[in-house]
Structure formats: C-alpha cells, structure tokens
Amino acid sequence: MPEIKTTNVLTRDELKEAVANCRKQNKTIVATNGCFDILHVGHLHLLNQAKALGDILIVGINSDQSVSKLKGPDRPVVNENERAQIVANLKAVDFVSIFDEDTAVELLRPLKPDIYVKGGDYNLKNLPEAEPVMSCGGKVKFVELAPRKSSTSLIDKIKSLS
C-alpha cells in the first residue's frame, strides 16, 4: 500500500513562513497541540471546535521521544510521522508540525497564534503554552472534551481484551 503523503506537515521554519503568508491575508491563526496517539472521536471533537474559532488551524504533535517522556515507555503506539500524516489529513487541520520538547511553548512562541486551544481538563495554571500566546496578545480558549475519550483509555481497553 502506498504511503500517504501530505504537503502540510511542516518543519518549524516552513511553518513560520506559512503563518507569515496567512497573516498577509488577514487570516486568524488558531493553534493546538497534543500527542494524538491512536486518533479517536475526542481528538476530532477538539480539532473541529478549534477550527471553528479561526481560519487556519495549526496542530503541534509531540515527537515519539516527547510522548514516551510524558506517557511512559510503552508509548506512543503510533510513530510520530504516521500520527502527523493522519492528523494532517483531517479536514479541520491546515498545518502540522512535530516538536521534541515536553511542551509546545517553543513551537508557539515564533508563530504568535491569535488563539490557542486546549481541552477543558487544562487551565491557565497548568498550561505553560498560555504565556507565549497571551504575551503577544493572543487568547487561550478551553473547549469541552468528549466524555471518557482518551488514547490511554482505549489502550487500557485493548490490553484488557488480551
């Protein structure tokens, strides 16, 4: 089966250039990030709500190394390039970039998104990405999560079946 490729999985430099071009067109830039390991309806819910807030949706994806550090040595289940391709092919998503750090702070800082979106299980106190967004005049929005939907719960259910 041929590999699915997209042109919207970008390096940081390519992403900065794409955002600059979008800004010239007065587009509202929305950003979010996450591991997106084993894509599920909760992810789709978050991404669709984020896209509804602006014109361009950028998704930062934690690298394999970053996911392992955050979630444990058995994660991710799906490698970073495949996760990026899957997310990049979703209708709501305009651009994807992979980052190695524990947080998306360094990815977001030069992009200066107008709006940064996270799920309602976060708040300003536990969200390091809020500072670089708000310091350049951007807004942080929290969206309601789809109930009981997470990659971890799916993985646990699969493990219980074996």
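Structure above, values below:
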| read-out | value |
| --- | --- |
| Two-site label geometry, N48 and D74: point separation in nm, points 7 Å out along Cα→Cβ | 3.1 nm |
| Relative packing of peptides 99-108, 54-63 - highest average C-beta neighbours within 10 Å first | 54-63, 99-108 |
| Full-extension gain in nm, R12 to K125, via 0.36 nm per residue minus C-alpha separation | 38.0 nm |
| Relative exposure of S97, S160, judged by other C-beta atoms within 10 Å (fewest first) | S160, S97 |
| Gyration tensor verdict on segment 78-152 (Cα atoms; rounded if a/c is under 1.5, prolate if a/b is larger than b/c, oblate otherwise) | oblate |
| Under 5 Å, built H, 5+ apart or other chain: amide partners of A31 | I58, I115, Y116, V117 |
| Nearest-20 debye value, segment 12-161 charge dipole, Cβ charges on Lys, Arg, Asp, Glu | 480 debye |
| The chain: relative contact order as a whole-number percent, Cα under 8 Å and 6+ apart | 27 percent |
| Lys/Arg +1, Asp/Glu -1 at C-beta; the chain dipole; positive extreme among P128, N21, L53 | L53 |
| Neighbour-count order for Y116, Y122, fewest beta carbons within 10 angstrom listed first | Y122, Y116 |
| Phi to ³J(HN,Hα) by Karplus 6.51 cos²θ - 1.76 cosθ + 1.60 over segment 135-142, Hz, x for Gly, Pro | 5, 10, x, x, 10, 10, 10, 10 |
| Gain in span if fully extended, N26 to K139, counting 0.36 nm per residue against the direct Cα distance | 39.0 nm |
| 20 Å Cα-Cα threshold exceeded, pairs from K27/K91; K16/K125; K51/K125 | K16/K125; K51/K125 |
| Translational diffusion of the chain, µm² s⁻¹ [Kirkwood Rh, Cα pairs; Stokes-Einstein; 25 °C; 0.890 mPa s] | 153 µm²/s |
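No value in this document is a laboratory result; all are computed from the given coordinates. Since the model is a prediction, treat every value here as computed from it, not as a measurement. Virtual Cβ from ideal backbone geometry, glycine too; neighbours counted across all protein chains shown.
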